[in-house]
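Report on one structure; see the data block that follows.
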Amino acid sequence: MKLFNHTYIKLLLSLLLIVCGSLSAQAQPNSMGLSATDMTLLSMILVLFVVMLVLVVAIVLLNLLKMMLNAELEAKGIVIEETSVWKRLNDQLTGAVPLEEEDAIELDHDYDGIKELDNHLPPWWKWLFYLTIVFAVIYLLNYHVLKITPLQHEEYTQSIARAEAMKSANQDDTEEAIDESNITFSDDPQLLATGKTIYERNCVACHKAGGEGGIGPNLTDDYWLHGGSVQDTYHTISNGVVEKGMIAWKEVLSPANMNAVNSYIYTLRGTNPPNAKAKQGELYQEETATAPVATDSTAVMQ
Ligand code: HEC
């Protein structure tokens, strides 16, 4: 009886501790960066593991108890016939006729001394067979009569359709994606209104309300430190001039919003606001206005 008091009790206690530990770990904010479903799965696996351990321990304990009981009975001279759960289950599943009763199922065939028994098919086999019939009926009803679940071919067409839909959605996104290579100054009033709001929220502090410049340079003149083309200003806005105090706005604004504010500041050019900051950088004039029209340009282009 000492065995119960020590080893097994200790084992059970440590198991309990593991369960409590896993439960409290779940309650704490997760620091391992695991998602909620991950945590649920993990704790479910843990609980399953613990349950299995407890089951194993219970079986071991039961066997021990039985052994001790048998030893006690043996000492008193009582012998009981061993019919374990497994043996009974096995008998039921195989339906085998005991050796002593084999005469009853013996056929009258005798092949040079080899005799034949008329054994039944084992019940486990028959039940499996019945199960396949039930399965077939359910399968037939599900796939071919009621058509609840789609067949393989249908499933394939559905997933192809889903993929096509996703593909076209992505293509729309790439077409709308804005970066330095495809932007233009836009005069779309809605876009400019968005740009104005973004400018007022983020840029006024340094470039002032009219773009006349303060901490940051004047955005209304034709002189630019980092270039005045659509790509140049977008690039400056996007990547900033960090060492001069202009942050990289791509960390804050979406490409669409940077595009909007880029178009908005373009509308400020040439507005000559009062208190404008002195020109900085180099003169930039738009190519369309400044590029000299070469007489033989068509020839060159061809
Ligand atoms: C914290 C102050 C600050 C804020 C806020 C700020 N800027 Fe600037 N910006 C600067 C400074 C300083 C420069 C000049 C950098 C240099 O000297 O190279 C600059 C330069 C620029 C330039 C290039 C000018 C040139 O001459 O090449 C553009 C365009 C610009 N900013 C747009 C914006 C926009 C649009 C916003 C709002 C989204 C913004 N800035 C917000 C400080 C700021």
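Name the residues whose placed amide hydrogens come within less than 5 Å of the amide hydrogen of VAL241, ignoring near sequence neighbours (fewer than 5 apart) on the same chain.
Those lying under 5 Å, H to H, from VAL241 are MET246, ILE247.
Rank-order 100-112, 122-134 by packing density, defined as the average count of other C-beta atoms within 10 Å over each peptide's residues, highest first.
Details: 100-112: 8.9, 122-134: 11.2.
The densest-packed peptide leads the list: 122-134, 100-112.
Rank-order 140-151, 43-54 by packing density, defined as the average count of other C-beta atoms within 10 Å over each peptide's residues, highest first. Please list the in-between numbers first.
Details: 140-151: 10.8, 43-54: 13.2.
For the peptides 140-151, 43-54, the packing ranking is 43-54, 140-151.
If you average the sequence gap of Cα pairs under 8 Å that are 6 or more apart and divide by the length of the stretch 47-171, what percent do you get for the contact order? It would help to have the intermediate numbers written out before the result.
Working: 38 pairs, mean separation 15.7, N = 125.
Relative contact order comes out at 13 percent.
With a point put 7 Å past each Cα toward its Cβ, work out how far LEU128 is from THR94 in nm, to one decimal.
1.5 nm
Kindly rank 276-283, 213-220, 260-267 from highest to lowest mean number of other beta carbons found within 10 Å of each residue. Each step should come with its number before you reach the end.
Values: 276-283: 13.8, 213-220: 20.1, 260-267: 22.2.
So the peptides 276-283, 213-220, 260-267, ranked by packing, come out 260-267, 213-220, 276-283.
Show which lysines lie in cross-link reach of LYS76 when reach means a straight Cα distance below 21 angstrom and same-chain residues fewer than eight apart are skipped.
Straight-distance partners of LYS76: LYS66.
With r as the distance between the Cβ atoms of MET166 and GLU282 and R0 = 41 Å, compute the FRET efficiency 1/(1 + (r/R0)^6) and round to 0.05.
Numbers: r = 47 Å, r/R0 = 1.14.
E(calc), rounded to 0.05, equals 0.30.
In the structure displayed, which of LYS196/LYS244; LYS208/LYS277; LYS167/LYS250 lie more than 19 Å apart, Cα to Cα?
Working: LYS196/LYS244 23 Å; LYS208/LYS277 10 Å; LYS167/LYS250 26 Å.
Distance filter (> 19 Å) returns LYS196/LYS244; LYS167/LYS250.
Against the 2.2 N^0.38 Å scaling, with N counting residues, where does the stretch 84-165 land? I'd like the Cα-based Rg ratio to two decimal places.
Details: Rg = 24.0 Å, N = 82, 2.2 N^0.38 = 11.7 Å.
Normalised Cα radius of gyration, the stretch 84-165: 2.05.
Given a 1.4 angstrom probe, I'd like the percentage of the accessible area of the stretch 189-289 that is carbon and sulfur, rounded to a whole number. Please report the intermediate quantities before stating the final value.
Working: 3070 of 5620 Å².
Of the solvent-accessible surface of the stretch 189-289, carbon and sulfur hold 55 percent.
Note down the relative contact order for the stretch 189-289 as a percent, whole number, built from C-alpha pairs under 8 angstrom at least six residues apart. Mind dumping the intermediate values first?
Values: 144 pairs, mean separation 40.4, N = 101.
About 40 percent, as a whole number.
Provide, as a two-decimal number, the C-alpha radius of gyration of the stretch 189-289 over 2.2 N^0.38 Å, N being how many residues it has.
On the way: Rg = 12.4 Å, N = 101, 2.2 N^0.38 = 12.7 Å.
Taking N as the residue count of the stretch 189-289, the ratio is 0.98.
In terms of Cα to Cα distance under 15 Å, which aspartates and glutamates are near enough to LYS147, apart from those fewer than 8 places away along the same chain?
LYS147 reaches GLU155.
The values are calculated or read from the model by the stated rules, or taken from the named source; none is laboratory data. Since we're looking at a predicted model, the values are computed, not measured. Cβ: placed from backbone, ideal geometry, glycine included. Neighbour counts: every protein chain shown. Note: areas computed on protein heavy atoms with side chains; ligands, DNA, RNA excluded. Shrake-Rupley method; radii C 1.70, N 1.55, O 1.52, S 1.80 Å.
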